[in-house]
Each structure stands twice: as structure tokens, then as C-alpha cells.
Amino acid sequence: MILSDKDKALLDGNSGAMARQAIEGLIQLGQAYDARDMVDIGYAHIHAGMAMYLGDVELIESLADSGAKMAVPVSTNIANADMGNWQQTGAPEKLVQLQKRAEKAHKSMGSGTCFTCTPYWAGHWPTWNMHMASIESGVTTFANSVLGAKSNRDGYFAVYAGVTGRYPRFGLHLDENRVPTHRVQVEASLSGTADFTVLGYAIGNHVTNGIPFVTGLKHRPNLDELDALGVGMATSGGVAMFILPGVTPPYTDENDSRAANLPSVCIDDRQIKDIYDGFCTGLGDSFDIVHLGCPHASFEEMKHYGALLQGRTIHDNTQLWITTNRNVRQMAKDAGLLGPILASGARVISDTCPISCHFARTCSPDSKLGVKPVELKAIVVDSAKQAHYIRDMIQCPTLLTTTENAVETAISGHFYPRF
Ligand code: F3S
């Protein structure tokens, strides 16, 4: 690999031992993918340090203790507990205290501690042609597709990128790889974020880790629907970028020659219904929690929830969880939206979500943390991503429906399906 003077200085330890370790790791990553050199990044969305695993928090603390500082703007991904209102979810306090140790470490390194899967709603908004790194697949897909930034689906390497401000040039950091691999013709009637997570899920099933060129949508998706679309694709497949000509940069023409003669697939209402049905594994009216806000809700979504819940009361036998990031929660509070939402009995939760909190059965938490498996009849959701991971990680039934029907479900105690 060709190394710049900046890379060589980092290797020489001019920015400290941890930055040297980080650049060594990134060089190894680049060599594994035949990267010819490294690029400057403008932003990184990094691992939170998950409190379910003591060693994971200690890893972040060791970075901070070494004096490492983030070289670029950085945001933090989802965590295992709401550090401000953990009682709402029944999280053990010891787990929360451990999570707060990771928060303290991130603050000392200069990271923005939003602990969210939607850092863009918290103000982290990478721009066209900006190289970046991200641990969260939904962030990668939104940044590549909607914002025109350049990111791979990273793991812990995003932390190394944040510490050094560098990343090896491979994958979607190369323009020649940012081209469509499949044509997707949408013939389904879609409305709202739940439908768009399901459409994305259907597309991901077909294109696996390709780049779909999507046509046929009956309306221009709003930002929340674009976010939902990418999140769905990144869940069922390894998608990191999608193209909606005329909506996502830089493709403007549905007849773009780069999308000619590609393998093609059609998504119709039947396929959308099949995915909803496949994630309705619970018994109609037997559920414990209704969840909204996967990915973490935007301010616009909080407005929508507020309007749906105004003057209404959640049924005694259920809980309504709304997950959003801290920043949006504060914006919603300032705008007077939290009042009607909380008055309905709904819980507004930040920093985590059902599958990321202590509910996950696929985690092996430290026995001293007091995390106990929770028995759940079912969780009602309005996101194919949340349904997919509840199935795999909490291992309880799901009931997938629209946002509006999920709210009616929470109020009535009876499940309102999409179809
Ligand atoms: Fe975010 Fe949890 Fe959904 S991390 S994308 S709310 S599964």
C-alpha cells in the first residue's frame, strides 16, 4: 500500500500509541482488500462499547485511558441501556452503570454521545463524496445512498478510523464499485415507514449484497421512508447502497445506461404481504409490548406519534415503547410533543431498543450484572428490521404492522394487522 506522510507519522507514534495501533489495524484491513492507499475520512459512526460484555466497555476505556482523541467528528452507535431512564425498560442498574462508564470514556475522547442507529437525526450529516466509516449498516446505507457519502459496512475498524481520520480505499470508497448490480421494479402500493422497511427487506432478499437500481415507486419517498428502505435492505441482505434515480445522487435518469441489461426483479403487493405475514408469528391479541422507532425515530416521526396519541390512553395490558435518540427526544420535549405522548402512557426510550437492550437472549452477559432472561409472549413492531432481530435475538414471536395500526393495537389491546 502507498502510505502518505500522515500515515507514516501515525505509524511512527507521533499521535500516540493507540493511534499507531489503529493505523496498523487499518493498514492490515487495506492489505486484506488490496487497497492501493488510504483516504482522509470526514466522519465516523463508532461502536458504543456494549455493557452486556464487561470486556467491550473495558476496550473503549483502554482507548480513552491511553489518551486517544478522535481525529474527526464522531458519533456513537446504539447501547445496551437507556442511561437516563433505564427504569422504564426494567434494565438492571449495574448494567446501566457499566454502560455509563463507556459513555464517560467516549466523552473524554471527544465523541458525540448520541448512542443511536440514526445519528443523522442527531445532527451528524455527512455530505456528498465525503469518505467516512460506520459500524451501523443502516447508517452506511443512508449515507451512501441518500447523502452520497462513501462508506463500507465496518465493524470495530470504525473506531480506528475515528482515531486516525484515515481509512483504506476499497469497496464503496471506489467510484467504480458504486454502480448498480440489479434492477428492481416496484409494483406494490406502499405508504409509510413500515411498508418501506418491508420493501427494503424484499429487495435485500433478492440482491443480497448488490446495489439495487429501484424504479416504479408511486411517490417520492420522504426522508423517513428512505431511511426505512435502506434499513430493510441492510437487514435481509448485505446491501450498503441503493439507487433511486431522481432521488438519490448522482443518478437522475431511470433509463441510465449503467442500469441496462442487469438482472431484474419485480416486487409486487403479494411479496410485501408475504413478508408481513412471515413476521406475524404471534397469536392475535397476545403481546406484551408495542414498539415504534426502528430505526430510532426522527423528529417528524415523533410529531406523527404525538398526533396519533393525542388524548388517548395505552391499554392496561400493554406497554408502548417509542425509541429515539437523545437529541430528538430533547427536540420533541422542546416542541411540546413529549407531553401528549407520555400522557398516553407511552414510554420514550433513548440509547437502546428492544433487541439492543437486556432482552437479547443471544448475549451472554456478565453474571454479576443481574441481567435475567425476560419471558415475552410477543412484541408488536412497525419495522421489518426490528421483527427480524427480535426473531433471532430475543427469540419471541412478532406481530408486524403499520405505525398507525401499531398505535391502535397499543390503545385497544387488540392486534390490527397490515393486511
Ligand atoms: Fe436501531 Fe434497534 Fe432498529 S439499533 S435500527 S432501533 S433494531
Handout entry: Any hit, region 147-169, residues being within 16 Å of A35 (Cα to Cα), out of contact with any strand residue (DSSP E or B) (no Cβ under 7 Å at 6 or more places or on another chain) and of a type outside the set (K, R)
Key = yes
Practice task
Take the residues in region 20-42 that are in a loop (DSSP other than H, G, I, E, B) and in contact with a His (Cβ under 7 Å, 6 or more places away or on another chain), then tell me which one is farthest from D7 (Cα to Cα).
Solution key: G42
Exercise for the section: Quickly run through region 43-67 and pick out the residues that are closer than 25 Å to N152 by Cβ, at pLDDT 95 or above and not in a helix (DSSP H, G or I). Expected result: Y43, A44, H45, I46, H47, A48, G49, M50
Practice task
Could you check, for region 341-362, whether at least one of its residues is over 21 Å from D285 (Cβ atoms), of a type in the set (D, E, K, R) and at pLDDT below 95?
Solution key: yes
Exercise for the section: Restrict the check to region 372-379 and report whether at least one residue is of a type in the set (D, E) and free of Cβ contacts under 8 Å to residues at least 24 places away in the same chain. Expected result: yes
Practice task
Keeping to region 221-243, report how many residues are in a loop (DSSP other than H, G, I, E, B), touching a residue at least 40 places away in the same chain (Cβ under 8 Å) and buried (at least 18 other Cβ atoms within 10 Å of the Cβ).
Solution key: 4
Handout entry: region 71-88: number of residues that are of a type outside the set (A, V, I, L, M), farther than 12 Å from V371 by Cα and touching a His at 6+ places or on another chain (Cβ under 9 Å)
Key = 4
Exercise for the section: Inspect all residues belonging to region 133-148 and state whether any of them is more than 16 Å from the ligand (Cβ to nearest atom), in contact (Cβ under 8 Å) with a residue 24 or more places away in the chain, touching an Asp or Glu at 6+ places or on another chain (Cβ under 8 Å) and more than 14 Å from M50 (Cβ to Cβ). Expected result: yes
Exercise for the section: Take region 106-122 and flag every residue that is out of contact with any Cys (no Cβ under 8 Å at 6 or more places or on another chain) and over 22 Å from D56 (Cα atoms). Expected result: Y120, W121
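The values are calculated or read from the model by the stated rules, or taken from the named source; none is laboratory data. Since the structure is predicted, the reported quantities are computational estimates derived from the model, not experimental observations. Glycine gets a Cβ as well: all are built from the backbone with ideal geometry, and neighbour counts include every protein chain shown.
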